[in-house]
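Here is the structure we will look at.
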């Protein structure tokens, strides 16, 4: 596995090291020892699958607070998405910054999203699927969100946002000084 640090402290893009022959290729998609070696939490408590009908669909931006944090490892297993995270960790040197990366079924990249970072993605093509390995249990009382168009972060989404849930559209604006 190839771990590449991002502009957000503790977030990593993870590529598969592929071993190819006339059958195709083999590659390790996940390894707890490799995650630990790179300072990432490898625990997986649940796996989530998200299917999206239309390009332009946006899911996010979500996180859980420190009472039940949720580190995530996300891959696109069908189609293509632009995955985005925002650092909301108090005291982090990259607090308030966002990072985005294209994850596709073809490039097989994944991204590790540290706990207390808001996470979301936009589909780039129809019929896209994302698989999340999550290091915490979903806890509705600890869930928070930021609107995808919050001017505090000024995220440049790759396409027009065409589909978004009412819940994601109605998250409050975030105040960078103290959070929401």
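We did not get these values from a lab; they are worked out from the coordinates using the rules stated. Small disclaimer: the values here were computed from a predicted structure and weren't measured. Neighbour counts run over all protein chains shown; Cβ positions are idealised from the backbone, glycine included.
A few notes on this one:
- Rg [Å, one decimal], Dmax [Å, integer] - the chain, C-alpha atoms: 15.9, 56
- The antiparallel fraction among DSSP beta bridges confined to region 44-169 stands at about 95%.
- Structure-based [θ]222 nm, the chain - -39500 (n - 2.57) summed over DSSP H runs of at least 4, per residue, nearest 500: -1000 deg cm²/dmol
- Residues 128, 50, 133 arranged by fewest to most Cβ contacts within 10 Å: 50, 133, 128
- Rg over Rh, two decimals, region 80-180 (C-alpha only, Kirkwood Rh): 0.94
- Span from the region 70-134 Cα centroid across to the region 136-170 one, whole angstrom: 12 Å
- Taking the chain as a Gaussian network of alpha-carbon nodes connected by springs under 10 Å, the highest mean-square fluctuation of the residues 89, 28, 97 belongs to 28.
- Counting every pair of alpha carbons in region 1-86, the share spaced more than 14 Å apart comes to 74 percent.
- Mean-square fluctuations from a GNM of the chain, with a 10 angstrom spring cutoff on Cα atoms, peak among 14, 164, 74 at 164.
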